[in-house]
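The values are calculated or read from the model by the stated rules, or taken from the named source; none is laboratory data. Small disclaimer: the values here were computed from a predicted structure and weren't measured. Please note: Cβ atoms are built from the backbone with ideal geometry, for glycine as well, and neighbour counts cover all protein chains shown.
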């Protein structure tokens, strides 16, 4: 797992991890505020912000892939002739940030769905 983190680029993978932690913290704080007497309607509105953080993480993952592809294509252009296996290896590495971003977004959707149902049931 640490190898994938480093291969994906510590900067963007670090940003994605910070977004994941911020999203989870947002959900926890919002749900605890609801449990302590916050309005259900306000809690549902605030829960959707966590989903937006997950979407932002997915977009950052795609941006990371595009930056990686640009760097790879620049290196290929400078090198001239490269093997297809090398190009495919670069594509594989560039997908790491996108996959991580999509996983974060799926986690955000699952948490949002579960908490929204819990808040909606008690209305």
### Task
Could you tell me whether any residue of the range 50-64 is modelled with pLDDT under 90, more than 21 Å from residue 10 (Cβ to Cβ) and either part of a helix (DSSP H, G or I) or in contact with a helix residue (DSSP H, G or I) (Cβ under 9 Å, 6 or more places away or on another chain) (or both)?
no
#### Entry: Subset of the range 70-85 [assigned to a helix (DSSP H, G or I) and surrounded by fewer than 13 Cβ atoms within 10 Å (Cβ to Cβ)]
70, 73, 74, 75, 77, 78, 79, 84, 85
### Query
Being more than 30 Å from residue 119 (Cα to Cα) and under 14 Å from the mean Cα position of the chain (by Cα), is that true of even one residue in the range 75-96?
yes
### Query
Only one of 67, 96 is in contact with a helix residue (DSSP H, G or I) (Cβ under 8 Å, 6 or more places away or on another chain), surrounded by 14 or more Cβ atoms within 10 Å (Cβ to Cβ), outside any loop (DSSP other than H, G, I, E, B) and in contact (Cβ under 8 Å) with a residue 60 or more places away in the chain; which?
96
### Task
Please go through the range 18-39 and pick out each residue that is loosely packed, with under 15 Cβ neighbours inside 10 Å and touching a helix residue (DSSP H, G or I) at 6+ places or on another chain (Cβ under 8 Å).
22, 33
### Query
When you go through 20, 11 one by one, which is the residue that is part of a helix (DSSP H, G or I), at pLDDT 95 or above and under 21 Å from the mean Cα position of the chain (by Cα)?
20
